[in-house]
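Trainee: What follows is a structure written as C-alpha cells; I'll ask about it next.
The values are calculated or read from the model by the stated rules, or taken from the named source; none is laboratory data. Here the structure is a predicted model, which is why all the values come from computation and not from measurement. When we count neighbours, we look across all protein chains shown, and the Cβ atoms used for this are built from the backbone with ideal geometry, even at glycine. In case anyone asks, the SASA skips ligands and DNA or RNA and just uses the protein heavy atoms, side chains included. Shrake-Rupley method; radii C 1.70, N 1.55, O 1.52, S 1.80 Å.
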Amino acid sequence: MALLSVEDLRTHFATSAGTVRAVDGVSFTIGRGEVLGLVGESGCGKSVTSLSIMRLVPSPGVIAGGRIRLDGEDLLAKDAEAMRRVRGARIAMVFQEPMTSLNPVFTIGDQIAAAVQAHGGGARRAAWERAVETLELVQMPSAGDRARDYPHQLSGGLRQRAMIALALAPGPELLIADEPTTALDVTIQAQILDLLRRLQAERGMAVLLITHDLGVVAELCHRVAIIYAGRIVETAPVASIFDEPLHPYTRGLLRCLPHPSRFGQPLSSIDGAPPDLRQTAGRCRFAPRCSHAIESCEREDPPLVERKPGHFVACPVVPL
Ligand SMILES: Nc1ncnc2c1ncn2[C@@H]1O[C@H](COP(=O)(O)OP(=O)(O)O)[C@@H](O)[C@H]1O
Ligand SMILES: [Mg+2]
C-alpha cells in the first residue's frame with residue numbers, strides 16, 4: 001500500500017468573482033521512502049495541494065471532494081485534534097520562507113525541543129539534547145551554541161537548516177518540501193538540496209518535493225507528477241520524463257530547458273497563459289496552448305491513462 005494516496009482531490013476557493021478551482025481532480029501516490037516531485041508553473045495548485053494534505057487550506061478555501069489517505073487512514077475524516085497529531089509527527093512540511101514555520105520569539109533549540117516533546121513526550125532535558133542532535137544532523141555549525149540563537153540571528157541558509165531540523169526532529173514518515181530552495185542563492189541551494197538528499201536516504205523518509213525547477217527534480221526525485229491548472233497531466237519515473245515525455249505540456253516545459261546549464265531558472269517560456277481557474281470544466285485545460293489539440297479536446301477532460309508501464313498521461317492525442 002502507498003504511504004500517501006491522494007485521489008480526485010478538489011480544493012476550491014469561493015470568491016466574489018466565482019469559484020476558483022485551484023485543485024480540481026488531483027490524484028497521485030507516494031510510496032514509503034519514495035521522493036515524488038510535483039512540478040508545474042506558478043499558480044497551478046502545487047501549494048494548495050500540499051496545504052490540503054496537511055488540512056491547512058486557508059479560508060475561503062475548502063476541500064470540496066476527494067480522498068487523502070496516509071497508510072490507509074482517511075485524513076479527511078480526522079477531527080482537528082487527531083489531525084494535529086498527524087501534522088509534525090507523521091507529516092512535516094518545510095517552506096520557501098523559513099519564518100513561516102519558525103517563531104521569532106523563541107530560540108531555535110527551544111522550538112525544536114518543544115516539537116520533540118509535543119510529539120514524543122519525554123523530559124525537557126532529553127528533548128533539548130535531541131534538538132541539538134537534530135541541528136547537528138542538518139550540519140548546523142556549532143549546533144550547541146546556535147540552538148540558543150533566535151531565528152533572526154541566523155543567515156538565510158542557516159535558518160533554512162533550522163526549519164528542516166524542526167520538521168525532522170519528531171521523525172515524520174513524510175516530508176512535504178514546498179519550493180524549499182527557491183529563495184536561496186545558488187551555492188546555498190545546492191547545499192540544502194544535498195542535505196535533503198542525504199537525510200532522505202539515511203532516514204528512508206518519503207518526500208513530496210514541490211518545485212518549478214526540473215534540475216532539482218533530476219537530482220532528487222524518483223518519480224515526477226506534472227501539474228497543470230489544478231490537474232496532474234503526466235506522472236512517470238524521473239528518467240522517463242526526461243527521456244520520453246508524452247504530454248505536450250511536459251514537452252513544452254522540457255523544451256524551455258534545452259541544456260542543463262539552464263536548470264534553476266523559472267519555467268515561463270511556453271506560449272500562451274494558463275487558463276482562468278473559474279472556467280475549467282469539461283475540456284482539456286491545456287488545449288488552448290496545445291499544438292496537437294483536436295476538436296474533442298474542447299469537449300472532454302482527458303483522464304490519466306497508463307501509456308507505458310508506470311507512465312501515465314492525460315492526453316489521448318499525442319503520439320508515443
Ligand atoms: N486565498 C485564495 N483565494 C483565491 N484563490 C486562491 C487563494 N489561494 C490560492 N488561490 C488560487 O489557487 C491557485 C493555485 O495556487 P498555489 O497552489 O499557491 O499555486 P502554486 O502552484 O504556485 O503553489 C492560484 O492560481 C490562485 O488562483
Ligand atoms: Mg506555491
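Trainee: Condition test on residue 92, is it in contact with a Leu (Cβ under 7 Å, 6 or more places away or on another chain) and open to solvent by less than 50 Å² (accessible area, probe 1.4 Å)? Steps first, please.
Mentor: On the way: in contact with a Leu (Cβ under 7 Å, 6 or more places away or on another chain): yes; open to solvent by less than 50 Å² (accessible area, probe 1.4 Å): yes.
Taking the combined requirement at face value, the residue satisfies it.
Trainee: Pull up region 199-219, narrow it to residues that are part of a helix (DSSP H, G or I) and more than 16 Å from ligand 1 (Cβ to nearest atom), then point me to the one that is nearest to residue 51 (Cα to Cα).
Mentor: Filtering region 199-219 down to residues part of a helix (DSSP H, G or I) leaves 199-203, 214-219.
After this cut, where a residue has to be more than 16 Å from ligand 1 (Cβ to nearest atom) as well, the list is 199-203, 215, 218-219.
On the way: 199: 23, 200: 21, 201: 25, 202: 26, 203: 24, 215: 24, 218: 24, 219: 24 Å.
In this case the residue turns out to be 200.
Trainee: Kindly provide the set of residues from region 198-219 that are modelled with pLDDT of 90 or more and open to solvent by less than 20 Å² (accessible area, probe 1.4 Å), ordered by number.
Mentor: 199, 205, 206, 207, 208, 209, 210, 211, 217
Trainee: Restricting attention to region 14-71, report how many residues are among the β-branched types (Val, Ile, Thr), open to solvent by less than 10 Å² (accessible area, probe 1.4 Å), near ligand 1 (Cβ under 9 Å from one of its atoms) and not in a helix (DSSP H, G or I). Even if it seems obvious, please write down each step before you answer.
Mentor: Initial filter on region 14-71 (among the β-branched types (Val, Ile, Thr)): 15, 19-20, 23, 26, 29-30, 35, 39, 48-49, 53, 57, 62-63, 68.
Those still in the list that are open to solvent by less than 10 Å² (accessible area, probe 1.4 Å) too: 23, 26, 30, 35, 39, 49, 53, 68.
Next cut, near ligand 1 (Cβ under 9 Å from one of its atoms) only: 23, 49.
Restricting the remaining residues to those that are not in a helix (DSSP H, G or I) gives 23.
Count: 1.
Trainee: Scanning for something charged (D, E, K, R) and more than 17 Å from residue 171 (Cα to Cα), does region 82-90 turn up at least one residue?
Mentor: no
Trainee: Before we move on, is residue 316 at pLDDT 85 or above and open to solvent by 70 Å² or more (accessible area, probe 1.4 Å)? Give the derivation first.
Mentor: Details: at pLDDT 85 or above: yes; open to solvent by 70 Å² or more (accessible area, probe 1.4 Å): yes.
The answer is yes for residue 316.
Trainee: Right, here's the next one. For region 63-71, indicate whether the set of residues that are within 13 Å of ligand 2 (Cβ to nearest atom) and either over 12 Å from the mean Cα position of the chain (by Cα) or at pLDDT 95 or above (or both) is non-empty. Talk me through it step by step, then tell me what you get.
Mentor: Step one: list which residues in region 63-71 are within 13 Å of ligand 2 (Cβ to nearest atom), which gives none.
Checked region 63-71: no residue is within 13 Å of ligand 2 (Cβ to nearest atom) and either over 12 Å from the mean Cα position of the chain (by Cα) or at pLDDT 95 or above (or both).
Trainee: Next question. What's the number of the condition residue 79 fails, among (1) under 22 Å from residue 169 (Cα atoms); (2) out of contact with any strand residue (DSSP E or B) (no Cβ under 9 Å at 6 or more places or on another chain)?
Mentor: Checking residue 79 against (1) under 22 Å from residue 169 (Cα atoms); (2) out of contact with any strand residue (DSSP E or B) (no Cβ under 9 Å at 6 or more places or on another chain), the one that fails is (1).
Trainee: Restricting to region 166-180, count the residues that are away from ligand 2 (no atom under 13 Å from the Cβ), of a type outside the set (A, V, I, L, M) and within 17 Å of the chain's Cα centre (by Cα). Full working, then the answer.
Mentor: Of all residues in region 166-180, those away from ligand 2 (no atom under 13 Å from the Cβ) come to 166-175.
If we keep only those that are of a type outside the set (A, V, I, L, M) too, we end up with 170-173.
Still in the running and within 17 Å of the chain's Cα centre (by Cα): 172-173.
Within region 166-180, residues that are away from ligand 2 (no atom under 13 Å from the Cβ), of a type outside the set (A, V, I, L, M) and within 17 Å of the chain's Cα centre (by Cα) number 2.
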